[in-house]
Structures are given as C-alpha cells and as structure tokens.
Number of protein chains: 2
Amino acid sequence: MYTLKKKEMNARLGEFKTPHGVIKLPGFMNVATCGAIKGGVSALDLKNLKCQVELCNTYHMHLRPGDEVVKNLGGIRKFTSWDGPVLTDSGGFQVFSLAKLRNIHEEGVEFSSHIDGRKIFMSPETSMQIQSNLASTIAMAFDECISNPAEYSYTKNSCDRTARWLVRCKKKLDELNSLENTINKKQMLFGINQGSTFKDLRIEHMKKIRELDLNGYAIGGLAVGETAKEMYDIIETLEPYMPSDKPRYLMGVGTPRNILEAVARGVDLMDCVMPSRNARHGKLFTWEGPINILNAKYEQDSLPIDSNCDCPTCQYHSRAYVRHLLKSGEMLGMRLTVIHNLYFYNTLMEKIRASLEEGNFERFYNKYKNIL
Amino acid sequence: MYTLKKKEMNARLGEFKTPHGVIKLPGFMNVATCGAIKGGVSALDLKNLKCQVELCNTYHMHLRPGDEVVKNLGGIRKFTSWDGPVLTDSGGFQVFSLAKLRNIHEEGVEFSSHIDGRKIFMSPETSMQIQSNLASTIAMAFDECISNPAEYSYTKNSCDRTARWLVRCKKKLDELNSLENTINKKQMLFGINQGSTFKDLRIEHMKKIRELDLNGYAIGGLAVGETAKEMYDIIETLEPYMPSDKPRYLMGVGTPRNILEAVARGVDLMDCVMPSRNARHGKLFTWEGPINILNAKYEQDSLPIDSNCDCPTCQYHSRAYVRHLLKSGEMLGMRLTVIHNLYFYNTLMEKIRASLEEGNFERFYNKYKNIL
C-alpha cells in the first residue's frame, strides 16, 4: 500500500494507496471534528484547499449524531460529502481529554459524555464498531493517551494494556470487515505507539505493535505537555524501529516548524487543529512567518494576508477587510482565515513534497525552519 | 433610470439602471449589515445565489471599521469585494432601534454607540457624508423611523421633520457628488416615506417628498409592530401617490408571503434579515412551505432541504447533515442554511419576474400566497 519514492535526510517522499484514493506523503490531514471543519468550511471547500485527507472524531460522531445514524446515511464520507480518504481517530484521545468521570480498566473505559453527562462505555471493540459504522478509510486503534509528564510505572502498565487493546482492535476490525452489511470492507487500521517521554518504553512498545501487520503506525502521546526538543528526540529514537514500508503518522502535531522537523525525522502524516484554531484568533501563517491580523497596523492595509498566497481568501480579500470581520465577530472572518491557514498548511506539504522530488529538501528545510 | 416593462395586478416588471449595473425588478436585497452576510457568506458567494444588490448598514460601518477607513480602501464595494450595486441605509433605523440614550432635535440625533457607549451625532448631513465615504450605489435619506403603534401628533411632527431632513440630505449629497475626491460621483438618493399607520399622514408625506426629484422612494416604518393587514393597507393607500417612473422600496420586509403581497401592490424592492436570521434557527424555506430542520423527523433524512431547489446546499448536502451541523453548533450549519434561504428568496424574485414576463403573475400569486 505504501511506496517509498525518495528519501533525503530522514524525510520520505511516498504514496499511500487507500480504498478511497492515493495520499501523497508527506501529508497533512484537515480536522473536521464533528464532520465539519470549524469556521464554516465544507468538504467541497476542502477540494479547493489542496486537502487530501479529512480527519473526523469518533468520540464526537458517536455522541452526535450517533454512528448508527451515520451508517444509515451511507457512512461519514457520504454524510459529509467528502469523496476522498477519511481517517477517524479512535476516540481515545477525547475520552481522556474531554470526557468526565472516567474509569479505566482492562475491558475498556467508562465515562460521561461532555454533552449531556450520559454514561458511555468504550473499549477496543466498541471503538472499532463505531469506526466501522462511520466507514472511514483508516481506523485508529483504541489506546490510552497519557499526558506529559507521566510516571514511569503508570506509563509502562498503560503501554502494555494499549498493546493488548491493539490485538483486540485488529481482531474486531477483521471480523467487521468480513460482515455483509459493513460499508467499507477494506477499512484500514493504524496502531498507535505510546510511552510518554521514556525512550525504552517507546521502543519496547513500538517493537510489540509492529509485530501485528497493520496498515500504518502512529506516534501518539506527543504534543501533550512535553517540550519540542523532547518530541523531536522521541521521533528520532523511534524512527529506526518503525516499519519503513508503512506510513508513519505523528498525531496532533503541530506548528509549521514542528511539521518540517517531524518530516525531516521520517514522519509521513500529521494532523492538528492549529490552523483553524489560530485563524479564529487572528493568527495567520504566511511565507514570511506568522502575523496577527488583529494588530492595528493592518486596519487600512489593502494587501492580501500573504502576497505570495493564491488561496481563495488572498485572491479576493484584503487584510483590512479580514481584520474588520474578525473584530466585528462576523463568521465570515473565521471562514476566510481558516481557509487561508488550511491552504497554507496543505501548500507547505506540497512544497515539501516538491523539494523531495527535486532533491533539495535539505535546502528547503534550512531556509524555512527559522521562518515558519 | 427606471423602465417599466410590464404590469399585472399592481405588480411591476421593470429595470433600474444604476452606475454599478442594472437591477431587475421586483428584486430582493441581501443584507450584509457589517459588510458581510451573517453565516459566513461572502460577496463572492452571493454571485452564486442570484443576488443582485447588497445592502450594508451605515450605522454599523460608521462605528466599525469607520467610513473613512472604508473610503481609504476604495469604498464599500471594493472593501467587500462586491462589484454589483450596493444600497446603504441611512443609519436612521439603527439609531432609533440599537443606539442608547438618544436625543433627537431639529439638527439631528445624539446617541451612544451600542458597541462602546461613545457619544455620536448623526444628522442628514453626516449621514450623507458617511454614505458618500462608503461610496454605495444608492444612499438612503436620513429619517426618523417610528415604532408602531405611534401617537398621531408625534408622528405628524416627526414626518414634517423627516421631510425637512430630506431637503437637507439632497442638498448635501449634491454637494458631495460634485467633489473631486468623492469615489462615486453618481451616488443616487432614495427618499423615505413615514407616517406610521395614519393614512392621511402617509399620503401627505409622500406628496411632499415626491416633489424632490429623487432616484427612488421607500416606504419606511412598516414591519415595526403593526399587523400584516395594516401594512398591506398602507401600501395600497400609498401606491397611487408614488411616482410610477421610480423604483419603490419597502424597507425591512419580510416573509415570502409579505413579499408576494407587496409586489402585487406595486412594490419593486425589498430587504430583510429574515432569510439569514431564520436559517440560524433551523427555519428553512421550501417551495412546499417552511420547515424546521431541527425537527427530529429529519435526523436520518437523506433528501436535500428542498428537492426542487438547486442551491449549492441542496445540490450536495442532506437534511440529516444540515440538522446535525446546527445541533452541534457548527458554523457550517449556519452557512449552508443561510445560503439556502437567500437562494430561495432570490429565486422567488426571479420566479415573480418570470411570471410577470409571461403574463401569469396573478396565477403565480394565487398558487403561492397560501404555500409560502
């Protein structure tokens, strides 16, 4: 499924064939938590923003509108009118970050919905069932995501359990993929590496999970409290242990700089809410570094956000107009800025791929690592 | 400027030539209060929604970002990237509905900004100055908009003052249009008829304001507390007194039924926040009557909002998806519903014009007056 085309430093130019289309790597997934990009951006808009993969959240879709509703409507791709690949996370991250009163044990996790407090149980099997109902292209294994810093012994036990959960995930998804009324019978599964910032636990866990022949491997539990240096160290430590013939996904990362550094260390896929979240606060990415559009100096600025950007926002709208909309609390301000930031991220990935294709990734890396 | 092409009942098929393009009448203006349609809809989106005229609010633009800022950026059309005609209201309605601590006298109105409480003075002259800075296609006269029910003697005095204000508006706008650095030197002026629900005052006021050779005449002070029947009565009463060679604009109206009834009584132009406001609450217009998309029966409904609608929302998205987005508080839900409702209104006007063209407006009127 994964084809490595070129390599420079540890950066990998590759292609990942999925049942719903080819993903060019390195790539960035655009986050549509509840089946929609924050800021009023639709799946059809994403087509104009160079988006390759939509990421939807299992936890959110399970609570509302319910995964069975989505299944009845033909799955998440039909529901959101997105015809490309979709990755669903396992719900694990949200269970551990959003849900209340959780109780974790071998079988799974009991928790209360953050919407209405309703008691919910989620296990490797229920997570796979939900993701199968959503019929995403790629399902993520159900894991425990530990915040950093963490205790060594807790982390070790948790990693062991996450590894056991992965075996159950694979078994369950194989079963579901063989059922007659499953929408996507070729649903793929990615395992998730954990281990906090403990290198020995990270390596041990990676060795364990790579034994299962999965479609890809993710590094989870980073960008959750540790420093950027610690994060890069973990990626470097893990890289030699990650299968080279499978895509590698760094979860929830990050700034453009983080992305460039991760790619240089061998990561293929990333996702983050940063482009949309920052946009809403006026923090916009440009090829000369980030700017804050709410700054008074942009009040009468008739230039686009970035003169080197050809996104739909920069083609038609001025900094002054975008600033006015955000200051006035107009939704259009959020939409235009989210469109710009997502386009920036997706274009960054495109430029990274082009530089790898042309054999000058290292030059690109050195030029942009201090600008971005 | 105005050409009457056909007439049926009192409905008028016409064209209005403006410096920024021809407006086909009857027509509905799409409200972009702060220079943006609520719900994250841009001027470029409006092009796909059959919108002919954008309406912006003088009061809001004066407070934020400031009309001089807009002037420096080339005027409201350049600022919002809308290349068609723009009508700006005079600020009068907002001064009397939104602003606090107002003090009205012959010279003008003192009031406090609803944003920061700052003291502001607005008069016929300042309103014209602001609208000239905004450089809209059509400026509206500065008037006092009285809520219904109103007292006769207050209304009479207010109408007299509004008539005196109109003379000052015309004088000031003529001056501004002759200045070298005015952006739109052909800015048009519409007068506004007032008089609450008192027919004699309405007629007297209309007779007075039609003496000034303005580009169009509006009926103001309706849809502000009176019944629909009272509103229709006033339109019928005024119709014979409104110049037949000028466009007639009914301000702030209304439901699709209101619009149909007003057109049948000789009105050419309307505006209302209803399509966008209703959309946000799930109230959507269809050719079989309004529906509430939040209703549980739409939870798993894979049909579009209206199977007879070819708006961008209905082309790609299901009722179930739109409902899910609104229930989840996703901005995309508002965007998709506002797009649908605006398209519905603009299509209604298109259908009205087509029925007039084909000589079957009365049949159209009778068919739809009880459905809409």
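The values are calculated or read from the model by the stated rules, or taken from the named source; none is laboratory data. Note that the structure is a prediction, hence the values are computed from the model and not measured. Note: ideal-geometry Cβ built from the backbone for every residue, glycine included; neighbour counts use all protein chains shown. Ligands, DNA and RNA are excluded from the accessible area calculation, which covers all protein heavy atoms including side chains. Shrake-Rupley method; radii C 1.70, N 1.55, O 1.52, S 1.80 Å.
Surface analysis of region B:259-353 yields an accessible area of 33 Å² per residue, using protein heavy atoms and a 1.4 Å probe. The alpha-carbon of residue B:367 sits under 17 angstrom from the alpha-carbons of these lysines, leaving out residues fewer than 8 places away in its chain: B:351. Here is how the number arises for the protein assembly as shown: DSSP H runs of 4 or more residues each give -39500 (n - 2.57), the sum is divided by the residue count, and the result at 222 nm is -12000 deg cm²/dmol.
Expressed as a whole percent, the accessible area of region A:6-86 that falls on carbon and sulfur atoms is 45 (1.4 Å probe). Summarising the strand pairing of the protein assembly as shown, around 50 percent of its internal DSSP beta bridges are antiparallel. One residue of chain B places its C-beta nearer than any other to the axis carrying B onto A; that residue and its whole-Å distance are B:40, 2.
Which FRET efficiency value, to the nearest 0.05, do you get for residue B:350 and residue B:239 by plugging their Cβ-Cβ distance into 1/(1 + (r/R0)^6) with R0 = 22 Å?
0.40
Counts of other chain beta carbons within 10 angstrom of each beta carbon in peptide B:78-84 average 3.
Comment: the Cα-to-Cβ extended label point of residue B:15, at 7 Å, lies 5.4 nm from its counterparts in the other copies, nearest first.
Whole angstrom only: what separates the Cα centroid of region B:118-171 from the Cα centroid of region A:169-240? Rounded to whole Å, the Cα centres lie 67 Å apart. With all protein chains kept in place, the per residue accessible area of region A:1-143 amounts to 34 square angstrom at a probe of 1.4 angstrom. Peptide B:317-323 is shielded by partner chain Cβ atoms: per residue, an average of 4 of them sit within 10 Å of its Cβ.
A simple packing score, the average count of other Cβ atoms within 10 Å per residue, orders the peptides A:252-259, A:224-231 as A:252-259, A:224-231, with the highest score first. Between A:120, A:23, A:339, find the one with the highest GNM mean-square fluctuation for chain A; connect C-alpha pairs within less than 10 Å. Of A:120, A:23, A:339, the most mobile in the Gaussian network model is A:120.
For residue A:296, the distances from its label point to the matching points in the remaining copies are 5.5 nm, ordered from shortest, with each point set 7 Å beyond Cα toward Cβ. Note on B:307-316: average number of Cβ atoms from other chains within 10 Å of each residue's Cβ is 1.
Past the 22 Å Cα-Cα mark, which pairs from B:17/B:50; B:171/B:207; A:24/A:171? In this structure, A:24/A:171 exceed 22 Å between Cα atoms. Heavy atoms of chains A and B lose about 3200 Å² of accessible surface on contact, summed over both sides with a 1.4 Å probe.
For residue A:186, the aspartates and glutamates whose Cα falls under 14 Å of its own Cα, not counting residues fewer than eight places away in the same chain, are A:174, A:175. Helix A:199-210 and the longest principal axis of the C-alpha atoms of chain A enclose an angle of approximately 70°.
Per-residue surface analysis assigns residue A:17 an accessible area of about 120 Å², computed on protein heavy atoms at 1.4 Å probe radius. Taking 19 Å as the straight-line reach from the Cα of residue A:297, the aspartates and glutamates in range (excluding those fewer than 8 positions away in the same chain) are A:288, A:306, B:67, B:68. Averaged per residue, what accessible area in Å² does region A:156-239 show with a 1.4 Å probe, protein chains only? On a per-residue basis, region A:156-239 sits at 42 Å². Here the Gaussian network model covers chain A, with springs between Cα atoms less than 10 Å apart; of A:315, A:129, A:194, A:315 fluctuates the most. Solvent-accessible surface, computed for protein heavy atoms with a probe of 1.4 Å, shrinks by 30 Å² or more for the following residues of region B:1-46 when the other protein chains are added to the isolated chain: B:34, B:36, B:40, B:42, B:44.
Round to a whole angstrom and tell me the spacing of the C-alpha centers of region B:81-105 and region A:29-55. Cα centroid to Cα centroid, the span is 37 Å.
Between copies, the label points of residue A:167, set 7 Å from Cα on the Cα→Cβ line, lie 9.6 nm apart, reported in increasing order to one decimal in nanometres. Compute the signed sum of charges (Lys and Arg +1, Asp and Glu -1) over the other residues within less than 13 Å, Cβ to Cβ, of residue B:177. Net charge around residue B:177: +2.
Element breakdown for region A:189-293 at a 1.4 angstrom probe: carbon and sulfur atoms account for 48% of the accessible area. Which percent of the accessible heavy-atom area of region A:129-170 goes to carbon and sulfur, probe 1.4 angstrom? In region A:129-170, the share of accessible area belonging to carbon and sulfur is 56 percent. The phi-based Karplus calculation (6.51 cos²θ - 1.76 cosθ + 1.60; θ = phi - 60°) puts the 3J(HN,Hα) values of region B:173-181 at 5, 4, 4, 4, 5, 8, 7, 4, 9 Hz, whole numbers, x for Gly and Pro. Within the listed set A:30, A:346, A:193, the Gaussian network model of chain A (springs between alpha-carbon atoms below 10 Å) gives the highest mean-square fluctuation for A:346. For the peptides A:71-84, B:35-48, residues were scored by their other Cβ atoms within 10 Å and the scores averaged per peptide; the highest-first order is B:35-48, A:71-84. Phi angles of region A:190-196 translate, via the Karplus equation with coefficients 6.51, -1.76, 1.60 and θ = phi - 60°, into HN-Hα couplings of 10, x, 10, 7, 10, x, 6 Hz per residue; Gly and Pro are given as x. Taking Cα atoms, how many degrees apart are the long axis of helix A:331-357 and the longest axis of chain A, rounded to 10 and kept between 0 and 90? Between helix and principal axis, roughly 80 degrees.
Say a paramagnetic label sat at a point 7 Å from the Cα of residue A:232, along Cα to Cβ; which residues of region A:262-295 have their backbone N under 16 Å from it? It comes to A:262-267, nothing else.
Over chain B, Cα pairs under 8 Å with separation of 6+ residues give a relative contact order of 17 percent.
Highest average first, the peptides B:160-170, A:178-188 ordered by how many other beta carbon atoms sit within 10 Å of their residues are B:160-170, A:178-188.
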